[in-house]
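Novice: Below is one structure. I have some questions about it.
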């Protein structure tokens with residue numbers, strides 16, 4: 001039976017790689033995009049011209065009602081969600097001294113509240129069918145912290161606390177909940193960092209001396225979605241080139 005996989009923020013560099021990988025496995029892939037995203041239709045058309053068969057739905061992942069309406073529409077149009085990848089996220093980087101309440105709220109709502117908002121919509125169905133996968137895309141900076149990212153690091157650390165607690169609750173129902181914590185991956189967000197900063201400050205921290213590839217993270221997502229990963233739950237799997245080990 002073809003699984004239905006929903007990837008939030010699937011039109012970004014990492015999200016796109018995840019969507020492509022899951023489609024290659026035979027999943028029916030659905031992604032969300034921010035309401036008002038004028039490039040969404042073009043992205044979907046381009047991907048589907050390549051044969052992926054993606055579906056896209058507008059959704060404000062920071063808003064519970066928007067998530068509810070989105071998942072209900074997906075269920076009506078395609079079917080119930082079997083795999084949820086909570087990938088959507090933003091940054092508002094600055095020192096805590098300069099950070100405003102709005103900067104804090106925007107990151108917490110988009111990066112952490114969204115995990116509750118989306119997972120809440122699909123969990124009862126997964127438990128009722130005795131099968132499901134929830135994968136939360138966190139960050140190495142949620143594990144070790146990062147200068148200028150108190151909001152982002154707090155949100156990303158919170159994602160794994162969510163994963164561990166929910167994993168305990170749903171383990172007997174055939175549903176797994178896991179976290180992936182990528183390091184610096186060669187996405188548009190990371191490549192927007194000035195090259196001199198990448199070369200002098202970031203890459204020297206990585207023992208493998210390179211940025212990760214989105215496809216490498218997507219491969220890990222694919223594994224956690226598989227039957228072979230049924231005994232993995234409540235885990236936080238690092239994929240950071242050795243930058244942070246614990």
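Novice: Cα axis of helix 40-49 to longest principal axis of the chain: angle in degrees, 0 to 90, nearest 10?
Specialist: 70
Novice: Name the residue, out of 223, 152, 184, whose mean-square fluctuation peaks in a Gaussian network model built on the chain with Cα pairs under 10 Å.
Specialist: Highest fluctuation among the options: 223.
Novice: Can you tell me the 0 to 90 degree angle between the C-alpha axis of helix 64-77 and the longest principal axis of the chain, rounded to 10?
Specialist: Helix 64-77 and the main axis of the chain meet at about 40 degrees.
Novice: How high is the relative contact order of the chain, in percent, counting Cα pairs under 8 Å that sit 6 or more residues apart?
Specialist: In percent, rounded to a whole number, it is 19.
Novice: How much mean residue ellipticity at 222 nm does the chain get from its helices, if each DSSP H run of length 4 or more adds -39500 (n - 2.57) and you divide by all residues, to the nearest 500 deg cm²/dmol?
Specialist: -12500 deg cm²/dmol
Novice: Hey, another quick one. Just for the Cα atoms in the stretch 1-110, what are the lengths along the principal axes, largest first, rounded to whole Å?
Specialist: 51, 27, 24
Novice: Using the basic label-point model (7 angstrom from Cα toward the beta carbon), what is the residue 63 to residue 146 distance in nanometres?
Specialist: 2.8
Novice: Follow-up. Could you give the distance between the Cα centres of the stretch 2-43 and the stretch 180-225, to the whole Å?
Specialist: Result: 20 Å between the Cα centres.
Novice: Additional query: Please report, to one decimal in angstroms, the Kirkwood hydrodynamic radius of the stretch 161-246 built from all distinct Cα-Cα pairs.
Specialist: Here the Kirkwood hydrodynamic radius works out to 14.4 Å.
Novice: Can you give me the Cα centroid spacing of the stretch 120-146 and the stretch 71-101 in angstrom?
Specialist: 11
Novice: Tilt of helix 13-24 relative to the longest C-alpha principal axis of the chain, in degrees (0 to 90, nearest 10)?
Specialist: Once rounded, one gets 30 degrees.
Quick note: the coordinates plus some simple rules give every number you see, no bench work behind them. Here the structure is a predicted model, which is why all the values come from computation and not from measurement. Because the Cβ atoms are built from the backbone with ideal geometry, glycine has one as well, and the counts that use them run over all protein chains shown.
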